[in-house]
Amino acid sequence: MAIDKVTSAAITDSAVTNAKLSFNANQFRNIIINGDMSIAQRATSATALAHQQYLTVDRWTQNLTSSTLAFTGEQSTDSPEGFDYSYKISCTTAEASLAASSRFFPYYRVEDSNLGYLKFGSSSAVDLTMSFYVKSNKTGTYQINLWHNNVSGFISGTYTISSANTWEKKTIVFKGDQGTAMGNDAGVGLQLEFVLASGSDYTGGTFIPNTTTTYPSYAANTRAANQGVNLADSTSNTWQITGLQLEVGSAASDFESLPTDVNLQRCYRYYEVIVSGNTKVIAPAITYTASTAAGIINFKTTKRATPTLDAVTGSDYYEFFRNGATPEYSSFAIGDASVNLCYISGNSASSTTAGYAGYLQTNNASSFIAFDSEL
């Protein structure tokens, strides 16, 4: 019986591409969490953005310093093809001639412990490519700063909005920092800072280009050295972003779309809403005195750090429910918290009996309980 000879041939690298594969061969390549702006646990809009406060779309906050400037933020359904949402910022109080110290820089922070593979602090430090879609009524040159927080300094890139009120895709390649390693901790490793308004305290210095391989220490007057737009000069001004991706390499790949549950789970490491609204169960609980009830909450994922309680308080916003008695509470305290669980307890003005089992629940449409472990 004849036996056919089996031969093998080497497959060239160019013959196998991600596009030809039936699965994502480089999963979680996007360093940014919620880059499609689809998760907004706190609220879908904020009427007044505030300095270093997370208020609407998850993982976004801002550096805002001014006695007059004011902006709103919202999760908008105005988005480019392939995306359902964008993060939209609107100027509501203008400052046409910016005071020297005025600044408005929305930013995104990346946890240090996720970044060891970038090889910062060595000659092998990798390039990082940032890509995103942006839209504004204000055309011109905008600056982005990539901070390495273990240096407390940054390098910068620019992009140009060419057509007003039109979605445009931008790509910037940043060199990795060969000078200083990551800290391998749960603090801030990288920060993407989008310059939208900047007074003279942040201009006039020498622009630090994205080709710089050793990140310099912070100098205030380089922070907006090449910014050509003042988004704060009119209450008609808006700026929107979505499809934000930061990945290893010197070329941008297609945006990595994740299932909603995966995206939400990743956001939970930094912020987790337990309940929002009326008649929602918070946790199983017991009354351990005649006026005090407590329940244990297990977090859906391990937190970045021991969280703080973020809750809306108000008269009788919450209650302990059991058959025949519902003592009410205006607020809760958090206790024995770790990165995995905690207990919350409330003191009621009304009296019940110690030792009863039941559950804590909300008692008002404005009730809201979350746990905050943001960077």
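The values are calculated or read from the model by the stated rules, or taken from the named source; none is laboratory data. Because the structure is a prediction, the values reported are computed rather than measured. Cβ placement follows ideal geometry from the backbone for every residue including glycine, while neighbour counts extend to all protein chains displayed. With ligands, DNA and RNA removed, areas are computed over all heavy atoms of the protein, side chains included. Shrake-Rupley method; radii C 1.70, N 1.55, O 1.52, S 1.80 Å.
One table, with the values for the structure above:
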{"quantity": "Of the GluC sites (Glu not before Pro) in region 67-125, those whose Cβ has at most 16 other Cβ within 10 Å and which sit in DSSP loop", "calculated": "81"}
{"quantity": "Residue-normalised accessible area of region 85-129, given per residue in Å² at a 1.4 Å probe", "calculated": "35 Å²"}
{"quantity": "Radius 14 Å from Cβ of residue 149, net charge of other residues (Lys, Arg +1; Asp, Glu -1)", "calculated": "-4"}
{"quantity": "Out-of-range pairs (alpha-carbon distance over 23 Å; input 119/175; 88/303; 138/175)", "calculated": "88/303; 138/175"}
{"quantity": "Efficiency of FRET between residue 313 and residue 265 - r from beta-carbon atoms, R0 25 angstrom, step 0.05", "calculated": "0.35"}
{"quantity": "Size of charge dipole - region 54-180 - debye, nearest 20, with Cβ of Lys, Arg +1 and Asp, Glu -1, no other charges", "calculated": "260 debye"}
{"quantity": "Label selected from [x] 205; [y] 231; [z] 148, the criterion being volume of the Cα convex hull per residue in Å³ as computed here", "calculated": "[x]"}
{"quantity": "Local net charge near residue 109, Cβ-Cβ under 9 Å (Lys/Arg +1, Asp/Glu -1)", "calculated": "-1"}
{"quantity": "Percent carbon-and-sulfur accessible area, region 255-344, ignoring ligands, DNA and RNA, probe 1.4 Å", "calculated": "51 percent"}
{"quantity": "Computed [θ] at 222 nm, helices only, for the chain once each DSSP H run of length n ≥ 4 contributes -39500 (n - 2.57)", "calculated": "-500 deg cm²/dmol"}
{"quantity": "Counted charge near residue 181, where neighbours are those whose Cβ lies closer than 13 Å (Asp, Glu -1; Lys, Arg +1)", "calculated": "-2"}
{"quantity": "Cβ charges +1 (Lys, Arg) and -1 (Asp, Glu), total dipole of the chain, debye", "calculated": "280 debye"}
{"quantity": "Stretch gain in nm, segment residue 43-residue 28, where the contour uses 0.36 nm per residue and the Cα spacing is subtracted", "calculated": "2.8 nm"}
